[in-house]
Each structure stands twice: as structure tokens, then as C-alpha cells.
Amino acid sequence: MRKRKCTCGAESHVRRRTRSTANGGEEVFYQVVCPVCGQTGPEVSATGKDEAAASVEAIAAWNEMIARLRPLED
């Protein structure tokens with residue numbers, strides 16, 4: 001899947017993060033982040049998914065977000 005460039009024109013990266021949950025566990029999620037301007041895409045939980053599927057879902061969410069911001073771009 002092709003990842004769209006950020007609105008600032010930079011190449012973005014998929015980031016894997018963990019955070020503590022209220023019950024003392026950890027939740028893993030994936031998010032596309034721009035290293036230049038700091039814009040972030042929607043968080044995608046990795047619960048019940050393998051790493052590749054969660055990454056692809058994060059890229060798809062990023063692409064949808066960028067398409068809404070720049071609707072005339074291919």
C-alpha cells in the first residue's frame with residue numbers, strides 16, 4: 001500500500017507505541033507520524049491483529065485523513 005505524503009510534503013513513518021491501560025496491562029497501537037511537522041494519523045489498536053495488519057490499517061487511516069485534507073490530489 002502506498003503511503004501518501006504529509007500535507008507539509010514530507011515522507012511519514014509508521015510508529016508502534018504502547019501505553020498502560022487502567023487495569024495494569026499494556027495496549028499496543030500503530031500510528032503514522034510526520035517527522036517534520038509532527039502531524040499524526042489516527043491510532044490503530046493492534047489488539048487481535050498481527051503487526052503487518054495493524055500497520056496496513058494505520059496507513060489506510062492516514063491516507064484517508066490526507067485525502068480529506070487534500071481532496072483534489074491523486
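A few notes on this one:
- Exposed GluC sites (Glu not before Pro) absent: longest stretch of the chain, with sites in DSSP loops and at most 16 other Cβ within 10 Å deemed exposed: 12-42
- Among Asn23, Cys8, Cys34 the positive-end extreme of the charge dipole of the chain (Cβ point charges): Cys8
- Residues whose amide H comes within less than 5 Å of that of Ala10, counting only those at least five positions distant or on another chain, are absent (H built at 1.01 Å from N in the peptide plane).
- Counting only protein heavy atoms and a 1.4 Å probe, the chain has 64 square angstrom of accessible area per residue.
- Radius of gyration over Kirkwood radius for the chain, both on Cα atoms: the Rg/Rh ratio is 1.02.
- Environment charge at Thr21 (Cβ cut-off 15 Å; Lys +1, Arg +1, Asp -1, Glu -1): -1
The values are calculated or read from the model by the stated rules, or taken from the named source; none is laboratory data. On a predicted model such as this, the values are computed, not experimentally measured, just so you know. Note that we place each Cβ from the backbone using ideal geometry, even for glycine, and neighbour counts take in every protein chain shown. The area values use the complete protein model at the heavy-atom level, side chains included, leaving out ligands, DNA and RNA. Shrake-Rupley method; radii C 1.70, N 1.55, O 1.52, S 1.80 Å.
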